[in-house]
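Quick notes on the structure that follows.
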Amino acid sequence: MPEATSTKPAHNPNLSLALDFGPLLVFFLGYKFLGMVTGTAAFMVAISLAVLISKVKLGKVSPMLWLSAVLVVFFGGLTIWFNDQRFIQIKPTIIYSFFALMLLGGLARGKPLLKYLLQAAYDGLSEEGWAKLSRNWAIFFIVMAVANEIMRASLSFDSWLSLKVWGVTIVSFLFAAANVPMLLKHGLVLDKSAPAKAEQAVAQGEPPQG
């Protein structure tokens, strides 16, 4: 009797990264060439499409992408209605604060929540590794929330958006990569496809964009 094969969709780190970063890039280009209102509308459409593509291609939509999409549509609508860019600027602070609170709350209950979100990307990681990873990202999210408030209070919208798209993305990627050695010490399994596994761990570990 042949063994049953899993119907679970294969994880695609490149697609996941594109779904997270793509809508933000659409926002950046839309704003630069078409203005704030049109750029915001394009952002709302792009992230809605990202949710749909994730569901069709990956078989699921991550909680991070769901939250980003809901907040983009809500605050994007307010931005367009009131013609006030401050609404879309505060959205990252809310996202980062929410995930920091969720991760810290999970750790307080002895349940590292990232284990349930990222398990497919971190085969073999020990409970201590999950706890440290959740702690690290909680701290990172807090720093990002504070940084976003400082940026939106002290920079022009153009400068804020450029830093949001390029600076924050690069810093997030580097932080995800910096966690990989710790993950290896706590049981992360890398086989013959080690470079691909490492790339997957970094791509899957990035925070929500937008």
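The values are calculated or read from the model by the stated rules, or taken from the named source; none is laboratory data. No experiment lies behind these values; they were computed from the predicted model shown. Heads up: the accessible areas ignore ligands, DNA and RNA and are worked out on the full protein's heavy atoms, side chains in. Shrake-Rupley method; radii C 1.70, N 1.55, O 1.52, S 1.80 Å.
Here are a few things to note about the model shown:
- Nearest-10 value in Å² for the accessible area of LEU49, using the 1.4 Å probe: 90
- Where LEU24, LEU78 fall by accessible area, highest first, once all protein chains stay in place (1.4 Å): LEU78, LEU24
- Surface accessible to a 1.4 Å probe, ILE150 within the full protein complex, Å²: 100
- With θ taken as phi - 60° and the Karplus curve 6.51 cos²θ - 1.76 cosθ + 1.60 applied, the whole-hertz 3J(HN,Hα) list for the stretch 27-35 is 4, 4, 5, x, 5, 5, 9, 10, x Hz, x standing for glycine and proline.
- Residue-level accessible surface for MET102, protein heavy atoms, 1.4 Å, Å²: 90
- Accessible area (Å², per residue) of the stretch 8-142, counting only protein heavy atoms and a probe of 1.4 Å: 49
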